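The values are calculated or read from the model by the stated rules, or taken from the named source; none is laboratory data. Here the structure is a predicted model, which means the values were calculated and not measured. All Cβ positions, glycine included, derive from the backbone under ideal geometry; neighbour counts span all protein chains shown. Only protein heavy atoms, including side chains, enter the accessible area calculation; ligands, DNA and RNA are left aside. Shrake-Rupley method; radii C 1.70, N 1.55, O 1.52, S 1.80 Å.
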Amino acid sequence: MTRFVFESASMTNTFQNQQTNFQQLILNRSVFGLLLLTFGIPATAFSQEKSGEPQTVSIQREAITLRHPRDYYVPLNLKPLRSLTIAAPIDGIVHTVEVKSGDKLTAKSVVVRLDSSIPQAELDRAEAALEVAREEQKNATGKAAAVAKANVALAEADLKLANIRMEQTIVRAPFEGEVFRIFSAPGEFVRAGEPLLELGDTSKLQVEVPLSREQAQKGSSINLNVEEQATQATVDQVLPLAPQFEKLRDLAKSITSAVVILDNKNAQFKPGQSVSVELIPRYPIAEVPTVSVANTPEGTRKIQIVRENVIRDLTPQILGQIGPERLFVSAPFNKDDEIIVSTSQPLTDGTQVQPRLTVGKTQTTPAATPGSQPAKPPEKKVSF
């Protein structure tokens with residue numbers, strides 16, 4: 001492993017004349033971090049794997065100020081494209097529940113049966129009344145025939161109502177879907193309108209997400225993560241920005257809401273699973289130069305930081321652009337990390353670095369008195 005060490009030059013007699021220049025160097029650190037080559041401060045790399053000879057490298061870096069992701073967090077969850085709470089159509093006692101949570105149903109499948117004793121008796125009575133009315137009609141003459149005809153029509157209507165009430169004791173699924181929750185049990189008395197179970201069509205799932213206006217085009221595909229599983233969704237509706245996303249304007253100005261749809265014919269996703277998108281940060285947020293974000297051969301993004309004198313590679317979550325030169329990113333930063341803007345040569349993850357410039361003592365160390373501990377020469381170092 002290569003170790004980059006930033007050391008001072010040897011102490012010379014001209015140090016006192018240059019001391020002011022070194023102090024000015026420390027004060028004049030640019031907003032882009034410590035420019036080692038610009039100020040004539042080379043870095044020496046000691047390679048233990050090759051020749052062991054030092055190598056010179058320049059690192060341009062910048063301190064970062066972090067924002068906590070909780071200030072911008074908005075929970076997102078998958079929902080069925082269609083969902084329905086099936087309610088009791090009439091007052092009655094639950095006779096049987098024909099399904100269980102998680103069952104996949106076809107349209108018109110029976111889900112609940114209500115007790116049918118009273119509706120069945122009403123149906124039998126209506127059928128008998130219709131038969132009587134028809135017999136009376138056969139023997140009726142004159143004005144009585146008109147009355148008999150009306151009685152037959154009335155009996156037929158009563159029979160139709162009795163059949164409807166009987167049919168309402170059998171509750172069916174209105175569309176193909178999956179049973180999510182069951183709210184009733186056999187023997188329970190329910191009023192008309194009370195929920196019996198919840199049904200959803202899971203062949204397609206949807207979620208409302210914040211998007212940049214450039215991405216929010218009906219029919220376009222976007223990338224998102226469903227519990228860390230990368231997938232694609234299609235923009236179905238473009239809406240005004242939802243109130244819960246207003247806080248994200250701090251990170252990206254031109255954003256809107258969009259309802260996106262995931263094809264779920266293979267049932268790889270479940271309703272309720274959490275969703276993450278680029279504009280909702282999951283890690284601490286920092287403002288960094290655009291040039292500090294690089295593309296990897298694998299097609300992902302990469303930034304490098306200096307953390308406790310070690311180079312680390314991080315995969316950033318790109319948020320919003322701040323003009324052409326800076327942007328907001330989210331990554332697993334620590335508070336003392338420094339973003340690397342550029343280097344004079346590639347640095348791999350795990351490379352150790354130290355300042356090369358270490359200014360030594362300012363005067364000759366007096367001779368040590370016999371029997372005494374030698375005094376430690378004062379040192380002055382350029383801080384990161």
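Kindly check whether there is at least one residue in region 255-263 that is of a type in the set (Gly, Ala, Ser), surrounded by 14 or more Cβ atoms within 10 Å (Cβ to Cβ) and within 28 Å of VAL57 (Cα to Cα). No; the residues of region 255-263 include none that is of a type in the set (Gly, Ala, Ser), surrounded by 14 or more Cβ atoms within 10 Å (Cβ to Cβ) and within 28 Å of VAL57 (Cα to Cα). Pick from region 269-304 the residues that are in contact with a strand residue (DSSP E or B) (Cβ under 8 Å, 6 or more places away or on another chain) and without any contact (Cβ under 8 Å) to a residue 24 or more places away in the chain: which of them is farthest from GLY320 (Cα to Cα)? Per the stated criteria, the residue is THR296.
Picking from residues in region 272-299 that are more than 16 Å from LEU319 (Cβ to Cβ) and part of a loop (DSSP other than H, G, I, E, B), the one that is most open to solvent (accessible area, probe 1.4 Å) is GLU298. Applying the set (1) at pLDDT 95 or above; (2) more than 19 Å from PHE269 (Cβ to Cβ) to GLU198 leaves exactly one unmet item: (2). On inspection, ILE305 passes the criterion of being assigned to a strand (DSSP E or B), open to solvent by less than 40 Å² (accessible area, probe 1.4 Å), more than 30 Å from GLY200 (Cα to Cα) and of a type outside the set (S, T, N, Q). Being modelled with pLDDT of 85 or more and loosely packed, with under 11 Cβ neighbours inside 10 Å is a description that does not apply to GLU338.
Taken together, ASP124, ASP103 contain a single residue that is at pLDDT 95 or above and of a type in the set (Asp, Glu), which is ASP124.
Yes or no: PRO210 touching a helix residue (DSSP H, G or I) at 6+ places or on another chain (Cβ under 6 Å) and within 30 Å of VAL235 (Cβ to Cβ)? Yes: the conditions hold for PRO210. Please tell me if GLN237 is assigned to a strand (DSSP E or B) and loosely packed, with under 14 Cβ neighbours inside 10 Å. Judged against the criteria, GLN237 is a match. For region 241-271, filtering for residues that are out of contact with any helix residue (DSSP H, G or I) (no Cβ under 9 Å at 6 or more places or on another chain), in a loop (DSSP other than H, G, I, E, B) and within 16 Å of VAL74 (Cβ to Cβ) leaves 2.
Filtering ARG307, ARG326, ARG356, ARG282 for residues that are more than 22 Å from THR56 (Cβ to Cβ) and modelled with pLDDT under 90 leaves a single hit, ARG282. The residues on offer are ARG113, ARG134, and the sole one that is basic (Lys, Arg) and at pLDDT 95 or above is ARG113.
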